[in-house]
Amino acid sequence: MSLKICTIVGARPQFIKAATVSRAIRKTDGLSEVMIHTGQHFDADMSDVFFSELDIPTPHHRLEIHGGGHGAMTGRMLAAIEPILIAEKPDWVVVYGDTNSTLAGSLAAAKLHIPIAHVEAGLRSFNRRMPEEVNRVLTDHLSALHLCPTQAAVDNLAGEGIRGGVHHIGDVMYDATLFAIDRASGTSGILAELAVNPKAYGVATIHRAENTDDAKSLRAVIAFLKKQAKAIPIILPLHPRTRQNAERMGVSLEGLRVIGPVGYVDMARLINGAGAVFTDSGGLQKEAYFHRVPCTTLRGETEWVETISHGWNRLWNGPDFAERRQITEYGDGRAAFRIAELLKNSR
Ligand code: UDP
């Protein structure tokens with residue numbers, strides 16, 4: 001008998017993570033998948049490009065829910081996901097990371113007694129002011145299968161009394177990076193398009209609420225990037241929220257090489273060719289390591305503590321890089337297959 005997996009995604013990093021797991025599900029006998037796309041990210045360059053580039057099948061259900069406050073958005077998603085789960089009757093709901101789509105999917109499933117598998121379980125910033133932290137703590141406490149990328153994540157769950165169904169499987173973002181490197185070597189012409197030479201530029205991303213929601217914070221982070229831009233050109237593929245807020249708040253981006261969001265294959269090439277990465281993104285901190293590029297995190301804390309302790313990452317207001325060492329716990333690029341096997345053997 002085949003087990004039916006319902007995958008719930010909605011935001012850019014979730015498309016990238018789900019692509020790896022969806023591929024593994026398709027290659028594993030005894031599993032089938034239906035996908036719900038909540039619509040949290042909806043632009044062609046924040047959504048569609050990832051589906052086409054990363055071979056993600058067209059979602060079976062598109063909810064087109066975005067915008068509004070966190071509560072309103074999560075509530076609308078919850079109401080829309082529930083009847084789909086009732087109709088689809090999946091054996092598992094699989095959610096990713098820490099967005100409103102993650103929490104809405106988990107709540108809808110939990111109320112219907114459908115077991116939840118959380119990919120990227122156990123990450124903590126210990127900063128409850130971050131909407132992501134609230135989403136991930138609640139999701140972990142609702143989930144039956146905790147798919148942890150790191151030992152620190154396993155330890156965080158243990159600290160909250162969660163010990164059953166916890167598996168350190170490695171990081172699906174490493175699987176995604178290997179796939180993108182393979183594609184990027186053949187198809188990405190982004191460095192030529194931008195007329196930059198390998199290692200002679202930096203790449204930056206900013207999208208977190210703590211950096212973009214008020215003018216003072218946004219000005220501070222942009223000023224930091226402009227200072228870096230005096231040494232090397234800084235390419236900034238701008239998140240739509242950051243662009244809107246910068247325009248609304250009158251924060252000038254002059255001096256930075258601002259481009260629109262790019263697809264995953266071009267992004268992999270951009271990181272791979274960069275001399276430095278500056279970011280508030282969780283995914284990018286690890287991708288910088290996967291490409292062996294030093295990263296400066298534009299936040300006061302990080303969930304990816306091993307990137308700091310192993311010398312590949314530093315906080316912009318923290319100490320200098322530690323001595324560099326290899327990080328082994330992100331796995332061997334087969335985290336997604338481990339997830340598929342765990343799901344298959346779960347019932
Ligand atoms: N990314 C991308 N194009 C861009 C900017 C980012 O493909 O223009 C990728 C990036 O490589 C990483 C993911 O999007 O894999 C990160 O997404 P985001 O920063 O939105 O979320 P977070 O990682 O903080 O959850």
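No lab work stands behind these numbers, since they all come straight from the coordinates. Computed from a prediction, not measured in an experiment: that's the story for all the values here. Methodologically, a virtual Cβ is constructed for each residue, glycine included, from the backbone with ideal geometry; neighbour enumeration extends over all protein chains shown.
Observations
- Distance from the alpha carbon centroid of segment 145-190 to that of segment 278-323 works out to 16 angstrom.
- For segment 149-166, Karplus couplings with θ = phi - 60° (6.51, -1.76, 1.60), whole Hz, Gly/Pro x: x, 9, 5, 4, 5, 4, 5, 4, 5, 4, x, 9, x, 9, 10, x, x, 9
- Comparing mean-square fluctuations of Leu194, Leu218, Leu256 from a GNM of the chain with C-alpha springs under 10 Å, the top value falls on Leu194.
- Neighbour-count ranking [beta-carbon atoms within 10 angstrom, fewest first] of Asp29, Asp48: Asp29, Asp48
- Modelled FRET efficiency - R0 56 Å, His167 with Lys226, Cβ distances, 0.05 increments: 0.80
- Residue-wise HN-Hα couplings along segment 234-243, as the Karplus relation 6.51 cos²θ - 1.76 cosθ + 1.60 with θ = phi - 60° gives them from phi, are 10, 8, 10, x, 8, 5, x, 5, 5, 4 Hz; Gly and Pro carry x.
- Folded to 0 to 90 degrees: helix 131-142 orientation relative to the chain principal axis, Cα: 20 degrees
- Each of Ile169, Ile8, Ile65 was scored by other Cβ atoms within 10 Å of its Cβ. Listed from fewest to most, they are Ile169, Ile65, Ile8.
- More than 17 angstrom apart: percent of Cα pairs within segment 177-285: 52 percent
- Dipole of the chain, positive direction: furthest Cα of Val49, Ala200, Gln244, with charges on the beta-carbon: Ala200
- Each semi-axis of the equivalent ellipsoid for the chain is √(5λ) with λ an eigenvalue of the Cα gyration tensor; in descending order they amount to 32, 21, 20 Å.
- The chain: angle of helix 264-273 to the longest principal axis, Cα-based, in degrees nearest 10: 40 degrees
- Helix axis angle, 172-187 relative to the chain longest principal axis, alpha carbon, degrees: 60 degrees
- Pairs from Lys216/Lys286; Lys17/Lys216; Lys17/Lys227; Lys199/Lys286; Lys4/Lys286; Lys199/Lys226 whose Cα-Cα separation, in the structure shown, is over 23 Å: Lys216/Lys286; Lys17/Lys216; Lys17/Lys227; Lys4/Lys286
- Cleavage-rule hits, GluC sites (Glu not before Pro), segment 50-97, DSSP coil, Cβ neighbours within 10 Å at most 11: Glu64
- Arg62 paired with Ser346, simple spin-label distance in nm, labels 7 Å along Cα-to-beta-carbon: 2.7 nm
- Dipole magnitude for the chain: computed about the Cα centre from +1 point charges on Lys and Arg Cβ and -1 point charges on Asp and Glu Cβ, it is near 360 debye.
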